[in-house]
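Here is the structure we will look at.
The values are calculated or read from the model by the stated rules, or taken from the named source; none is laboratory data. Note that the structure is predicted; figures quoted are calculated from it, not measured. We place every Cβ from the backbone using ideal geometry, glycine too, and count neighbours over all the protein chains shown.
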Amino acid sequence: MTSLTSLTIAAARDGLRRKDFSALELTDAYLAAIEKARVLNAYIVETPDQARAMAKASGARLAKGEGGPLEGIPLGIKDLFATKGVHTQAASHVLDGFKPTYESTVTANLWRDGAVMLGKLNMDEFAMGSSNETSYYGNVINPWRRRNSNAALVPGGSSGGSASAVAAHLCAAATATDTGGSIRQPAAFTGTVGIKPTYGRCSRWGIVAFASSLDQAGPIARDVRDAAIMLKSMASVDPKDTTSADVAVPDYEAALGRGIKGLRVGIPREYRVDPMPPEIDALWARGAAWLKEQGAEIVDISLPHTKYALPAYYIVAPAEASSNLARYDGVRYGLRARDASETVAMYENTRSQGFGREVQRRILIGTYVLSAGYYDAYYVRAQKVRTLIKRDFDEAWGRVDVVLTPATPTPAFAPGEITDPVQMYLNDIFTVTVNMAGLPGIAVPAGMSEEGLPLGLQLIGKPFDEATLFQAAAAIERAAGSFTAKPWW
Amino acid sequence: MSVDQDTVRRVARLARIRIDEADVPKLAGELNSILRWIEQLNEVDVAGVEPLTSVITMKMKMRKDEVTDGNRAAEIMTNAPASEDNFFIVPKVVE
């Protein structure tokens, strides 16, 4: 019998319904796998008691022939999502000891549909990072290694724990969030599938805020079908988030069966960066060829403001973050510095001790660009550039249905390899435009690097047209196959 | 526009983050390299372009102006570092 943890959500769902195994057996298999894989540091907190209780309740429902679409499916939850009574700290010291008295809407939707929580997943502090090296709880390790090497690699970030846990089969799938690429870049680094849906598709209520106009929740999963199943449950319109959209959530799984004959796929020339790594260029061309072979039409397009998306992002995101993170002052929750004789000293010491270096850097940048005299030169200009980026896409949608690009400029790198902040930011060069324009984007594994590491392609879609993204991503998956890390842990 | 060491101290004070004096030169260097890279936005012609306010075109939702939640003082206090009788305790602010 194959190991229970090797099953996709779709396969586990069928097995549970057929009573090949119980929900508790499935959860216990994952809990054992997590215990054996602590070296990856993917989980910050394991919740075995809660997981078993939820699995037993699922088992009872399944026995009666009842149960939701995710009944008995064990999931990992990024530490950014508020989970009632359970560690929720955005992997930051500043939220030391914080246990919410409420549940995020996205996780509440998953529990409503029968899913089981295995624990909270590591991440970059406040989702600020591209390598999961900024977590207060230490680096996450990628289950993938270079061929003939034992050296550790980063899983990408900020959803590094989610990506690592999914790739190492430490959960059936995971929740994640994406502000500039934090779902898609780690998915690409670990051979998993990650989708950032349209802004407004998932409620942001109960998700620790980073940059509110860019943040979106989405899943990281083992294949396109599982990502489709997850997003269907996660998405909802929510009275508690006025930016959540009142747009019907279609049956994404049904879209997978549809072929892509006649689908118009745009290839934006501005994504050919200088210098373009040859293996990324080849991967991109191969992806386009696969789609063409399956009946799609390939169209060259131009998105002229692409190169300005990342610098504009590094004004907008830190500006919003400096405002959102003002709430961590040591008064109402989390850490309070001990050496605080008066309030300003209490604020300054708490924030100095509680925030890590990258978070402090971004708060300072954000405070600076919003400060008197600089607001128009930086923030307003960046928001104007954002209008132009969105307009580029709006014009492209007249000619194409989806846009195909690489997901990342490189495969996974080693911890400590990138120390310059701007070099680290360039990891998101292909993903950040999507957040700036509020569009959905999916990263799907498409091949291996020369060193034996997974590489991903990205598909970008029209607003609220995630179904077409799943359809096109499934076509790439059919051609590329799947990629599974060999266990060494 | 470049950031000098006094500006770093001023911005840190505005952000209510205490920074070590020894860290100021390094922070100034890092912030300058990020801001230099951001300067490329000056190449873009933004004349007549409206700043983006919402990525998705939708009407702002309205709801009835009525109380839908509340009476959760005890719940709100559960994570407070210091509290007494549903008040947050902070260092003395008036003499």
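Some points to look at:
Residue-wise test of (1) away from chain B (no Cβ under 14 Å); (2) crowded, with 19+ Cβ neighbours inside 10 Å; (3) of a type outside the set (A, V, I, L, M, F, W, C); (4) under 27 Å from A:Ser6 (Cα atoms).
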position: A:Gln216; (1), (2), (3), (4): no, yes, yes, no
position: A:Pro219; (1), (2), (3), (4): yes, yes, yes, yes
position: A:Leu231; (1), (2), (3), (4): yes, yes, no, yes
position: A:Val237; (1), (2), (3), (4): no, no, no, no
position: A:Asp246; (1), (2), (3), (4): no, no, yes, no
position: A:Val249; (1), (2), (3), (4): yes, yes, no, no
position: A:Ala288; (1), (2), (3), (4): yes, no, no, no
position: A:Lys292; (1), (2), (3), (4): yes, no, yes, no
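- Among the residues of segment A:374-404, those that are aromatic (Phe, Trp, Tyr) and free of Cβ contacts under 8 Å to residues at least 24 places away in the same chain comprise A:Tyr374, A:Tyr375.
- First in segment B:72-88 and of a type in the set (A, V, I, L, M, F, W, C), second anywhere and outside any loop (DSSP other than H, G, I, E, B), Cβ under 6 Å, 6 or more apart: B:Met77/B:Ser83; B:Ala80/B:Phe88
- Tally, over segment A:434-450, of residues that are in contact with a Pro (Cβ under 7 Å, 6 or more places away or on another chain) and farther than 19 Å from A:Thr177 by Cβ: 3
- Filter pass, A:Leu459 being more than 14 Å from every other protein chain (Cβ to nearest Cβ), closer than 14 Å to A:Thr190 by Cβ and crowded, with 23+ Cβ neighbours inside 10 Å: no
- Selection status of A:Leu16, crowded, with 21+ Cβ neighbours inside 10 Å, at pLDDT 95 or above, over 22 Å from the mean Cα position of the chain (by Cα) and farther than 26 Å from A:Gln353 by Cα: yes
- Members of segment A:294-308 found to be charged (D, E, K, R) and more than 14 Å from chain B (Cβ to nearest Cβ), listed by number: A:Glu297, A:Asp300
- Test result for A:Tyr333, assigned to a loop (DSSP other than H, G, I, E, B), over 21 Å from B:Gly29 (Cβ atoms), facing chain B (nearest Cβ under 7 Å) and touching a residue at least 60 places away in the same chain (Cβ under 8 Å): yes
- Residue check: A:Thr343 meets all listed conditions (1) touching a Gly at 6+ places or on another chain (Cβ under 6 Å); (2) at pLDDT below 95 but one, namely (1).
- The helices (runs of 4 or more DSSP H) found wholly in segment A:1-103 and carrying at least 3 residues that are under 27 Å from A:Val154 (Cα atoms) occupy A:23-36.
- In segment A:342-393, the residues that are in contact with a Lys or Arg (Cβ under 9 Å, 6 or more places away or on another chain), in a helix (DSSP H, G or I) and acidic (Asp, Glu): A:Glu348
- Test result for A:Ser371, closer than 30 Å to A:Tyr308 by Cα, facing chain B (nearest Cβ under 7 Å) and without any contact (Cβ under 8 Å) to a residue 24 or more places away in the chain: yes
- Just one residue in the set A:Gly373, A:Gly366, A:Gly334, A:Gly354 is within 28 Å of B:Asp45 (Cα to Cα) and out of contact with any helix residue (DSSP H, G or I) (no Cβ under 6 Å at 6 or more places or on another chain); that residue is A:Gly373.
- Residue list for segment A:428-456, restricted to those being outside any loop (DSSP other than H, G, I, E, B) and within 14 Å of another protein chain (Cβ to nearest Cβ): A:Asp428, A:Val432, A:Thr433, A:Val434, A:Asn435, A:Met436, A:Ala437, A:Gly441
- Residue in segment A:94-119 that is surrounded by the fewest Cβ atoms within 10 Å (Cβ to Cβ), counting only those that are in contact with a Leu (Cβ under 6 Å, 6 or more places away or on another chain) and in contact (Cβ under 8 Å) with a residue 60 or more places away in the chain: A:Asp96
- Condition broken by A:Ala412, with the remaining ones in (1) at pLDDT 95 or above; (2) small (Gly, Ala, Ser); (3) on the phi > 0 side of the Ramachandran plot satisfied: (3)
- Among the candidates A:Thr419, A:Thr408, residue that is surrounded by fewer than 23 Cβ atoms within 10 Å (Cβ to Cβ) and of a type in the set (S, T, N, Q): A:Thr419
- If the condition is being within 9 Å of chain B (Cβ to nearest Cβ) and not aliphatic (A, V, I, L, M), then segment A:319-330 contributes A:Ser322, A:Asp329, A:Gly330.
- Test: residue in segment A:405-416 that is more than 7 Å from every other protein chain (Cβ to nearest Cβ), more than 22 Å from A:Asp300 (Cα to Cα), free of Cβ contacts under 8 Å to residues at least 24 places away in the same chain and assigned to a loop (DSSP other than H, G, I, E, B): no
- Qualifying residues in segment A:345-365 (those that are more than 7 Å from every other protein chain (Cβ to nearest Cβ) and surrounded by fewer than 22 Cβ atoms within 10 Å (Cβ to Cβ)) - the one farthest from the chain's Cα centre (by Cα): A:Ala345
- So B:Glu21, is it surrounded by fewer than 15 Cβ atoms within 10 Å (Cβ to Cβ) and over 30 Å from A:Leu439 (Cα atoms): yes
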